[in-house]
Amino acid sequence: MSFTILHTEWSDGWGGQERRIHAEMLGMQRRGHKVLLAARPGSILARQAAAGGIAVEFVDFAGKFDLSSILRLKAIIAREGVQIVNTHSGIDSWVGALAARLAGVKLVRTRHLNLPLQRRWYNFVHFMAHRIVTCGAAMRSNLIKAHGFPADQLVSIPTGIDFSRFAPTKARDAMRAELGLAPACFVILMVAVIRGVKRHEVALRAFAGLLQQQPDAVLLLAGDGPMQADMERLSAELGMAGKVRFLGQRSDIPDLLQAADAVLLTSRSEGVPQAITQALGLGKPVVATAVGGVPELVIDGETGLLVPSERPDLTAQALLRLAREPELAARLSQGARAHARQHYSLEAMLDATERLYAGILNRPC
């Protein structure tokens with residue numbers, strides 16, 4: 001049984017949220033479903049989707065009550081025979097919900113961020129979705145217990161990674177040589193958009209502390225963002241020139257992981273971060289803050305090491321353990337790979353999504 005699904009996305013970035021949408025759309029299309037995307041002109045996701053054969057419709061999403069965008073979406077729904085509208089960001093969730101209601105089709109909202117949603121009359125969009133998908137169990141539980149969402153409206157579907165495709169293409173030593181890294185140095189990789197919630201400042205201060213005990217360490221920061229210039233200045237102020245590499249946006253994350261000894265995440269808020277799922281799936285020991293859905297991925301002492309947020313001192317200590325205790329790093333590596341590949345595969349995510357859509361449409365899956 002195939003479905004016709006319209007995804008909407010206001011964001012024009014290319015972070016974990018957009019990557020998940022992209023992977024889900026392509027995966028559902030491979031399974032025989034008709035998939036469309038409504039996005040703003042200039043959207044990176046739109047370009048990536050079109051390159052993968054997804055039909056893209058450009059919508060302005062100028063505001064949550066943008067009537068022209070609502071009516072345009074309604075027309076697309078009618079023309080293409082859309083059965084389910086799946087929204088993602090704030091503005092497109094309003095526009096998409098109103099268009100779906102006018103068109104009389106089912107509505108799913110995927111919530112990617114572990115930030116509060118206020119279920120109040122003036123936020124009536126939260127009442128409109130037939131199901132709200134969270135990217136992890138902790139996010140779902142928080143919306144139920146702290147914000148009054150009904151349990152039967154919420155379903156957790158963790159982001160899945162296609163580990164058959166997400167694989168390094170270069171040997172470890174070759175990638176290190178390309179990056180100008182010594183074969184024996186201790187390399188830490190952080191993959192994240194450089195913005196406030198990711199707390200790169202904590203990462204830099206933790207790394208400064210680590211260097212006092214592990215002077216051969218190098219920190220690679222993959223990603224760009226609005227706070228990059230600030231973080232570059234802080235790195236210089238901390239005297240870490242040459243030790244911290246700002247790599248910018250990269251398309252070779254598997255190769256960077258291959259070159260790394262450990263992966264770091266210092267966010268103050270997260271859903272279930274794809275960067276960590278990817279690292280675990282490739283067997284990389286992880287140090288991450290115990291926020292949001294991270295503890296579902298990083299089981300402390302089994303698949304990685306958890307630290308409190310905003311504690312660069314404890315973060316540095318955890319990284320030092322990985323550098324100084326190779327047996328611990330090896331054990332965490334084995335546990336990480338097994339956990340990620342069993343529970344966080346792309347196929348598991350697509351299976352759960354198909355069951356969700358079938359249930360909403362009351363069809364056998």
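Name every residue in the range 115-142 that is within 19 Å of the chain's Cα centre (by Cα) and over 19 Å from ALA352 (Cα atoms), in order of residue number.
Scanning the range 115-142 gives LEU115, PRO116, LEU117, ASN142.
In this structure, is LEU356 in a helix (DSSP H, G or I) and open to solvent by 10 Å² or more (accessible area, probe 1.4 Å)?
On the way: in a helix (DSSP H, G or I): yes; open to solvent by 10 Å² or more (accessible area, probe 1.4 Å): yes.
So LEU356 passes the test.
Looking at the range 102-114, is at least one residue over 27 Å from the mean Cα position of the chain (by Cα), modelled with pLDDT of 95 or more and assigned to a helix (DSSP H, G or I)? Please lay out each step first, then the result.
Narrowing the range 102-114 to residues over 27 Å from the mean Cα position of the chain (by Cα): 102-105.
In the following step, the residues that additionally are modelled with pLDDT of 95 or more were identified as 102-105.
Checking the rest, the ones that are also assigned to a helix (DSSP H, G or I) come to 102-103.
Yes; the residues of the range 102-114 include at least one that is over 27 Å from the mean Cα position of the chain (by Cα), modelled with pLDDT of 95 or more and assigned to a helix (DSSP H, G or I).
Of these, GLU325, GLU310, which one is surrounded by fewer than 18 Cβ atoms within 10 Å (Cβ to Cβ) and in contact with a strand residue (DSSP E or B) (Cβ under 9 Å, 6 or more places away or on another chain)?
Working: GLU325 fails: in contact with a strand residue (DSSP E or B) (Cβ under 9 Å, 6 or more places away or on another chain).
That would be GLU310, the only listed residue that is surrounded by fewer than 18 Cβ atoms within 10 Å (Cβ to Cβ) and in contact with a strand residue (DSSP E or B) (Cβ under 9 Å, 6 or more places away or on another chain).
Considering every residue within the range 128-135, establish whether at least one is outside any helix (DSSP H, G or I), modelled with pLDDT under 90 and open to solvent by less than 30 Å² (accessible area, probe 1.4 Å). Step through it out loud before you land on a result.
So the first thing to find is which residues in the range 128-135 are outside any helix (DSSP H, G or I), and the list is 129-135.
Now restrict to residues that are modelled with pLDDT under 90: 135.
Imposing the further condition that a residue be open to solvent by less than 30 Å² (accessible area, probe 1.4 Å) reduces the set to 135.
Checked against the condition, which is being outside any helix (DSSP H, G or I), modelled with pLDDT under 90 and open to solvent by less than 30 Å² (accessible area, probe 1.4 Å), the range 128-135 yields at least one hit.
Please determine whether any residue of the range 43-52 is at pLDDT 95 or above, of a type in the set (Ser, Thr, Tyr) and within 30 Å of SER267 (Cα to Cα).
yes
Each row is one residue, and each column tells you yes or no for (1) within 27 Å of ILE84 (Cα to Cα); (2) free of Cβ contacts under 8 Å to residues at least 12 places away in the same chain.
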{"position": "THR266", "(1), (2)": "no, no"}
{"position": "GLY271", "(1), (2)": "yes, no"}
{"position": "SER309", "(1), (2)": "no, no"}
{"position": "ALA318", "(1), (2)": "no, no"}
{"position": "ALA329", "(1), (2)": "no, no"}
{"position": "GLU347", "(1), (2)": "yes, no"}
{"position": "ASP351", "(1), (2)": "yes, yes"}
{"position": "ARG355", "(1), (2)": "yes, yes"}
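Is it the case that ILE91 is hydrophobic (A, V, I, L, M, F, W, C), at pLDDT 95 or above, under 17 Å from VAL125 (Cβ atoms) and under 22 Å from the mean Cα position of the chain (by Cα)?
On the way: hydrophobic (A, V, I, L, M, F, W, C): yes; at pLDDT 95 or above: yes; under 17 Å from VAL125 (Cβ atoms): yes; under 22 Å from the mean Cα position of the chain (by Cα): yes.
Yes.
Per-residue answers, yes or no, for (1) closer than 20 Å to ILE360 by Cα; (2) at pLDDT 95 or above; (3) in contact with a Lys or Arg (Cβ under 9 Å, 6 or more places away or on another chain); (4) β-branched (Val, Ile, Thr):
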position: MET1; (1), (2), (3), (4): yes, no, yes, no
position: THR4; (1), (2), (3), (4): yes, yes, yes, yes
position: THR8; (1), (2), (3), (4): yes, yes, no, yes
position: LEU26; (1), (2), (3), (4): no, yes, no, no
position: LEU36; (1), (2), (3), (4): yes, yes, no, no
position: ILE54; (1), (2), (3), (4): no, yes, no, yes
position: ALA75; (1), (2), (3), (4): no, yes, no, no
position: GLU80; (1), (2), (3), (4): yes, yes, yes, no
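Out of (1) under 22 Å from the mean Cα position of the chain (by Cα); (2) under 25 Å from PHE186 (Cβ atoms); (3) among the charged types (D, E, K, R); (4) surrounded by fewer than 24 Cβ atoms within 10 Å (Cβ to Cβ), what's the single condition that is false for GLU270?
Among (1) under 22 Å from the mean Cα position of the chain (by Cα); (2) under 25 Å from PHE186 (Cβ atoms); (3) among the charged types (D, E, K, R); (4) surrounded by fewer than 24 Cβ atoms within 10 Å (Cβ to Cβ), GLU270 violates only (4).
Can you list the strands (runs of 3 or more DSSP E) lying wholly within the range 1-60 that have 1 or more residues being open to solvent by 30 Å² or more (accessible area, probe 1.4 Å) and out of contact with any Asp or Glu (no Cβ under 7 Å at 6 or more places or on another chain)?
Values: elements: 4-9, 34-39, 55-58.
Strands (runs of 3 or more DSSP E) meeting the threshold: 34-39, 55-58.
Picking from ILE161, ILE253, ILE194, which residue would you name as being within 19 Å of the chain's Cα centre (by Cα), modelled with pLDDT of 95 or more and either within 25 Å of GLN342 (Cα to Cα) or open to solvent by 10 Å² or more (accessible area, probe 1.4 Å) (or both)?
Details: ILE161 fails: modelled with pLDDT of 95 or more; ILE194 fails: either within 25 Å of GLN342 (Cα to Cα) or open to solvent by 10 Å² or more (accessible area, probe 1.4 Å) (or both).
After applying the criteria, what remains is ILE253.
Name the single residue, out of those in the range 294-307 being among the acidic types (Asp, Glu) and without any contact (Cβ under 8 Å) to a residue 40 or more places away in the chain, that is nearest to VAL272 (Cα to Cα).
Of all residues in the range 294-307, those among the acidic types (Asp, Glu) come to 296, 300, 302.
In the following step, the residues that additionally are without any contact (Cβ under 8 Å) to a residue 40 or more places away in the chain were identified as 300, 302.
Working: ASP300: 15, GLU302: 17 Å.
The selected residue is ASP300.
May I ask you to list the residues in the range 145-157 that are under 18 Å from LEU113 (Cβ atoms) and modelled with pLDDT of 90 or more?
PHE149, GLN153, LEU154, VAL155, SER156, ILE157 - these are the residues of the range 145-157 that are under 18 Å from LEU113 (Cβ atoms) and modelled with pLDDT of 90 or more.
The values are calculated or read from the model by the stated rules, or taken from the named source; none is laboratory data. What you see is a predicted model, and the numbers here were worked out from it, not measured in a lab. Counting neighbours? That spans all protein chains shown, and the Cβs are built from the backbone with ideal geometry, glycine included. Just so you know, the surface numbers come from the protein's heavy atoms only, side chains and all, with ligands and any DNA or RNA stripped out. Shrake-Rupley method; radii C 1.70, N 1.55, O 1.52, S 1.80 Å.
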